[in-house]
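Novice: So that we are looking at the same thing, I have put the structure below in structure tokens.
The values are calculated or read from the model by the stated rules, or taken from the named source; none is laboratory data. Fair warning: this is a prediction, and the values are worked out from it, not measured in the lab. Please note: Cβ atoms are built from the backbone with ideal geometry, for glycine as well, and neighbour counts cover all protein chains shown. Protein only, heavy atoms only, side chains kept; ligands, DNA and RNA dropped before computing areas. Shrake-Rupley method; radii C 1.70, N 1.55, O 1.52, S 1.80 Å.
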Amino acid sequence: MSRKVIIAGNWKMNKTASQGKALVEELKAKVAGISNADIVVCPPFTTLCAVVEAAKGSNVKVGSQNIHWAESGAFTGEISGAMLKEAGVEYVIIGHSERRQYFGETDETVNKRLKATLAAGLKPIVCIGETLEEREGNKTETVLDTQIKGGFAGIAASDMKNMIIAYEPVWAIGTGKTATPAMAQETHAYIRKVVASLYDIETAEAVRIQYGGSMKADNSAELTAQKDIDGGLIGGASLKADDFTNLIKNAIA
Ligand code: PGA
């Protein structure tokens, strides 16, 4: 089974609309012609429209960093699927560890946001991963089990087949510490095994699992060479066109 590599840049709370536009103008020229990877950038809300406009007609796709489950209403600070869809967004990052850590995101809210994403016809990137304490306490598998069972509860196999899961060991995010390719592969294989147990092998083989956490141009080739690593969710290294382009090119080399 061959899964298409997907590299997504999570800009987090970086880049105003004008800065985002400039970055995408530069990026799209550098990645033009790359067809064997899906390339996505996920700017902050106020930067989305400028980036969608700048990316038009290119192979750079746009994602948001969150979505609310309600269609509309009294949810100050949130954004709906219809709003994202009309803005031209295609992907949505759900349950990033920073959302879980700082904004009370749980597997239950991840599940609600995931259902809203699918209902809006958007493509989810669902983040899971253990903390350093959990890894050192030998709890990685239990944590992932819980996150997968809770996060994907009630999701049909037909939707699961198109799922993008981002495995991000929390201790590797923004720290410069990357899981070794072997360590990441082992965990990715485990995630696929859990999906197979909840669905079936065919579904598990179709799911794309990104690695995230200090992925850079100099380690992207080694990581994506692993059997179960299908791309990356990139923070720091997605903020400069050159860094991100080199990372993408190495990942598909
Ligand atoms: P990083 O962030 O690449 O800066 O480690 C990854 C992420 O949080 O998605």
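Novice: So who's got an amide H within less than 5 Å of the one on Y91, skipping anything under 5 residues away but keeping other chains? H placed 1.01 Å off N, in plane.
Specialist: Result for Y91 returns V62, G63, S64, K123.
Novice: Would you kindly work out the equivalent ellipsoid of region 167-232 from its C-alpha gyration tensor and give its semi-axes, the square roots of five times the eigenvalues, largest first in whole Å? Show your work: numbers first, answer last.
Specialist: Values: eigenvalues 100, 27, 15 Å².
They are 22, 12, 9 Å, listed from largest to smallest.
Novice: Within the set K4/K149; K115/K216; K161/K240; K15/K56; K216/K240, which residue pairs have Cα atoms separated by over 22 Å?
Specialist: On the way: K4/K149 25 Å; K115/K216 31 Å; K161/K240 32 Å; K15/K56 19 Å; K216/K240 11 Å.
Violating the 22 Å limit, Cα to Cα: K4/K149; K115/K216; K161/K240.
Novice: While we're on this one: Taking every Cα atom in region 1-89, find the radius of gyration and the maximum pairwise distance Dmax, and write them in Å.
Specialist: So, for region 1-89, Rg and Dmax equal 13.9, 45 Å respectively.
Novice: With +1 on each Lys and Arg Cβ and -1 on each Asp and Glu Cβ, and nothing else charged, work out how big the dipole of region 5-251 is about its Cα centre, in Debye to the nearest 20.
Specialist: Values: 26 positive and 30 negative charges, 105 e Å.
Using Cβ point charges on Lys, Arg, Asp and Glu, region 5-251 gives about 500 debye.
Novice: Would you mind giving the average projected area, over all directions, of the Cα convex hull of region 37-91 in nm² with one decimal?
Specialist: Details: hull surface 15.3 nm².
Hull-based average projected area comes out at 3.8 nm².
Novice: For the chain, what is the accessible area per residue in Å², given a 1.4 Å probe and the full set of protein chains? Walk me through the intermediate numbers first.
Specialist: Numbers: 11200 Å² over 253 residues.
I get 44 Å² per residue for the chain.
Novice: What's the magnitude of the charge dipole for region 115-253 around its Cα centre, counting Lys and Arg as +1 and Asp and Glu as -1 at the beta-carbon? Answer in Debye, nearest 20. Show your work: numbers first, answer last.
Specialist: Details: 14 positive and 18 negative charges, 64 e Å.
With Lys and Arg at +1 and Asp and Glu at -1, about 300 debye.
Novice: Can you give the Rg to Rh ratio for region 101-248, taking only C-alpha atoms and Rh from Kirkwood?
Specialist: Ratio of gyration radius to Kirkwood radius for region 101-248: 0.95.
Novice: Further, regarding this structure: Report the semi-axes of the equivalent ellipsoid for region 5-251 in whole Å, largest first, where each axis is √(5λ) for an eigenvalue λ of the Cα gyration tensor. Could you put the intermediate results ahead of the total?
Specialist: Values: eigenvalues 127, 99, 56 Å².
For region 5-251, the semi-axes come out at 25, 22, 17 Å.
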